[in-house]
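See structure below.
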Amino acid sequence: MRLVVFALALVIAAGCATGGRYFNWQQVQQLRPGMTERQVISIMGSPYSTAVRDDEDIFTWVWVVVGPVGVDTSRSVALKFRDGRLEAVPRIPGQVRDPVADEARAVDTPP
């Protein structure tokens with residue numbers, strides 16, 4: 001019986017996979033508009049992909065965990081930079097935005 005349970009656990013574990021670049025929502029909460037690309041990467045790690053569109057650099061982070069019966073966890077965030085500075089911090093799932101608090105947290109950066 002133990003051998004059967006062990007073999008089943010081994011098969012289930014072998015069916016798990018991850019993809020993308022790991023990040024968590026606590027990292028995203030540390031971001032502030034006006035941060036440089038380098039500052040954001042120091043918090044988030046290297047982006048999964050980058051693109052350029054309409055004079056904006058778009059950095060994307062994706063994290064997916066797939067178990068034996070499908071996707072267990074997935075999250076993604078795309079950040080837009082103009083002139084090397086973060087334009088805005090995206091809404092975090094499940095978080096209520098407070099515009100006054102958001103403005104107070106904004107980074108003061110010289111033009």
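Summary of computed values
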{"item": "Residues of region 25-67 with amide N under 19 Å of a point placed 7 Å along Cα→Cβ from Ala17", "result": "48-49, 62-67"}
{"item": "Contour minus Cα-Cα distance for Asp54 and Asn24 (0.36 nm per residue)", "result": "8.0 nm"}
{"item": "Residue order, fewest to most surrounding Cβ atoms within 10 angstrom, among Tyr22, Tyr48", "result": "Tyr22, Tyr48"}
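Laboratory data are not the source of any read-out in this text; all were calculated from the coordinates shown. Computed from a prediction, not measured in an experiment: that's the story for all the values here. Cβ coordinates were reconstructed from backbone atoms using ideal geometry, including for glycine residues, and neighbour counts include every protein chain displayed.
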